[in-house]
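Comments concern the structure below.
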There are 2 protein chains.
Amino acid sequence: MTTTHGERGSAAVRAVRGSAIRDLLAVADRPDVISLAGGLPAPELLPTRRVAEAAERALTAPSVLQYGLTTGAPALRDVVHARESEAIGRDAGAVVITHGSQQALALLAQALLDPGDTVVVEDPGYTGALQVFAAVRANIEAVPMDAEGMRVDLLRPIVERGGVRVVHTVSNFHNPGGATLAAERRIELARLADEFGFWIVEDDPYGRLRFRGRAVEPVAAHSDRVIRLSSASKIVAPALRVGWMHGDAEVLALVEKLKQGADLCGSTLTQAIAAEILADGPWSDAHIGRIRSLYGERASALHAALKRAYGDRLALTEPAGGMFLWGEFADGTDTAAALPRAVDAGVAYVPGSAFAVASSHTGALRFCFTTAEPARLREAVERLEKVF
Amino acid sequence: MTTTHGERGSAAVRAVRGSAIRDLLAVADRPDVISLAGGLPAPELLPTRRVAEAAERALTAPSVLQYGLTTGAPALRDVVHARESEAIGRDAGAVVITHGSQQALALLAQALLDPGDTVVVEDPGYTGALQVFAAVRANIEAVPMDAEGMRVDLLRPIVERGGVRVVHTVSNFHNPGGATLAAERRIELARLADEFGFWIVEDDPYGRLRFRGRAVEPVAAHSDRVIRLSSASKIVAPALRVGWMHGDAEVLALVEKLKQGADLCGSTLTQAIAAEILADGPWSDAHIGRIRSLYGERASALHAALKRAYGDRLALTEPAGGMFLWGEFADGTDTAAALPRAVDAGVAYVPGSAFAVASSHTGALRFCFTTAEPARLREAVERLEKVF
């Protein structure tokens, strides 16, 4: 098969940069490399037995292998509606089940944004969001983050200039920044959406993975201009590819219309499995408890080892949940340039530049602490000390 | 939750018309209605036991619940590559596993078409294709069909005018038209693609469901400017949501880039199930044999009953495979206008107008013959006689 057609593709595909993280995963997949570069759940907590039980029960009826509704299996939508209504302390609105919450993000971008429309993202930004906003050729504006999440005070002048359609935030345990948006900033963000009429996309895959401190009310608790996304990937298993969005019925009707063309419908089988497991409160709570405890231990181990190795040279987030720890060298260290040496030394991370929007983040790096045991995390930091 | 924001959405979503078929499925889902409107596989042949066996085996390793590669599980890609290489009699090229072949179509449209670019479709057209081409705001040109498929002789003047980027064809047992593209037309279509440099999207979900006559070589056998799509939905189960595309590596690399943003990856679990079942040649062949035999019997029963009821008043395709039978009243009957009366009489179909591109197809209708037994199909035609 020849590959000499020189096909460059549409303006949409040319606008998307490849994911440096994905390319890295290939490199870091050597057994001698401790990879803190991925964003994978701990494999030892993937509930194969519980999923097998649910699959066996589901597979007694042929309907579980049939096409389903574009909006998702009613039983799963009901569980999600109940859960999310509880989380936001009000009616969760309409619910659409998606192929992971990444699909929710992609469809929302297509439904709401025309080329040149302004979308505001956090900087550093979630690469999956940057990709979908680039693919619809939106005008992407960046708002920096600090330890309390998005600098909502710096958002105000941007929305006052006009033309903002969407603001995207990873509200809890930011990927990659680690920070959680502070309560008063959530209220202010919601107020801005009501005042200026933009949509907030509250992307919250990690909210239930809190291992320290108290939960903060979702942004969706404060405004009906919030479309809230979450997923079963981090609390049950990524391979179910079950995500969801909920909120305004008009916006979700637009998404449904696009989803028909995008994939007709999701998997009735994996949605039945997810519905059974998410509805099983005692099991789910205990399982999420195990994840929190394991991740908390690992986050502490990595944080302590980095602190010991680098002291004040490396500014670190102190993770209270989620999967990531963000560090920043303030001494001119270039983490992207150092990466090949790090991989040679047997450790991988994602350089901050992979998440750059307006700032370059050349001195920053993201570590995922979920997949290695404490001793292995300490070993990773020892290897890192040979590089930095 | 208020829904009074008056959100109209992007130009992309406004360009998409809702699927009349989907809306109809809701209406026709009453137990007293014999629905020939859907496009579902026969539920009694959905292989719950075989899928359960494969699921049980897959779920012994946690990796089956983890995130996977964007291009799909290597084992499944290998099976597909081998199958498709055999089908086209040459190397199948690159393979990407998609969330049903509908996702393949949507990603190809996004990767190859800019707003205003010309895509040629068959008329009547597959609604899922019309939706994705509308969503990228392509210029959609129609080529009529006859009993031998797309009128490729009428395609030539269109491509000679210039600007054609993509030609979409459902090459076997067309949805909705029933026809199969004749061998010499396939060769001519391939020749045009080579001469004028457009891409052919050969959409072939039904090719293996032939119950009469001899298979025709795929269009992809004749040119490397063909991206060929197929799926496990009609030969194993829709709920696996396993589709695929194969062909030119450069085009598939563009699709992979967009798929990262669209959903990160597919389900490692359902891909493992599909890989095991598709690699199990003896079981697959026997299973597809059962489907062919059942569908052939049902197609004949419906065709005979309609012939008996309407004679020459209704022009009918004679299905040699697939799931659909297309009929056309030449006496001014308006099938869309009659549909509510048909549903009242206890039978549902899809009016031709739902598939209209340039022609209106007001006298036409599509029947799906897969989900009702012969006696029930005859009963449906009796009910229809009260309407027409």
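Observations, loosely collected:
- Legend: Rg and Dmax of chain A, from Cα coordinates, 20.8, 62 Å.
- Estimated 222 nm signal from helices in chain A, with DSSP H stretches of n ≥ 4 weighted -39500 (n - 2.57), rounded to 500: -13000 deg cm²/dmol
- Neighbour net charge for B:ALA330 - beta-carbon separation under 12 angstrom, K R +1, D E -1: -2
- Inter-copy label distances at A:ALA75 (7 Å, Cα→Cβ; nm, one decimal): 2.7
- Distance from the range B:222-291 to the range A:321-388 (C-alpha centre basis), Å: 36
- What separates the B:ARG313 label point from its copies, with the point 7 Å along Cα to Cβ, is 9.0 nm, written shortest first.
- Surface per residue (accessible, 1.4 Å probe) for the range A:205-314, Å²: 30
- Other residues within the sphere of radius under 14 Å centred on the Cβ of A:SER10, judged by their own Cβ, net out at +2 (K and R +1, D and E -1).
- Gyration tensor (Cα) of the range A:241-388, equivalent ellipsoid semi-axes in angstrom: 37, 22, 14
- Between copies, the label points at B:ALA279 (set 7 angstrom from Cα along Cα-to-Cβ) are spaced 3.4 nm, reported in nanometres from shortest to longest.
- Taking Cβ atoms as reference points and 11 Å as the exclusive limit, the residues near B:GLN271 contribute a net charge of +2, counting Lys and Arg as +1 and Asp and Glu as -1.
- Among B:ALA330, B:ALA94, B:ALA42, the largest mean-square fluctuation in a Gaussian network model of chain B (Cα springs under 10 Å) belongs to B:ALA330.
- Approximating the spin labels as points 7 Å out from Cα along Cα→Cβ, the A:GLU250-to-B:ALA337 distance works out to 3.5 nm.
- Most mobile listed residue (A:GLN103, A:GLN260, A:GLN271) in chain A, GNM with C-alpha springs under 10 Å: A:GLN260
- Across the protein assembly as shown the C-alpha pair distances fall into 10 Å bins from zero in the proportions 3, 14, 24, 26, 19, 10, 4, 1, 0 percent.
- Remark: the range A:63-280 is approximated by an ellipsoid whose semi-axes, taken from the C-alpha gyration tensor as √(5λ), come to 27, 20, 15 Å, largest first.
- Calculated FRET efficiency for the pair B:ASP29/B:ASP280, C-beta based, R₀ 51 Å, to 0.05: 0.90
The values are calculated or read from the model by the stated rules, or taken from the named source; none is laboratory data. What you see is a predicted model, and the numbers here were worked out from it, not measured in a lab. So basically every Cβ, Gly included, is an ideal-geometry build from the backbone, and we count neighbours across all protein chains shown. We work out accessible area using only protein heavy atoms, side chains counted, and drop any ligands, DNA or RNA first. Shrake-Rupley method; radii C 1.70, N 1.55, O 1.52, S 1.80 Å.
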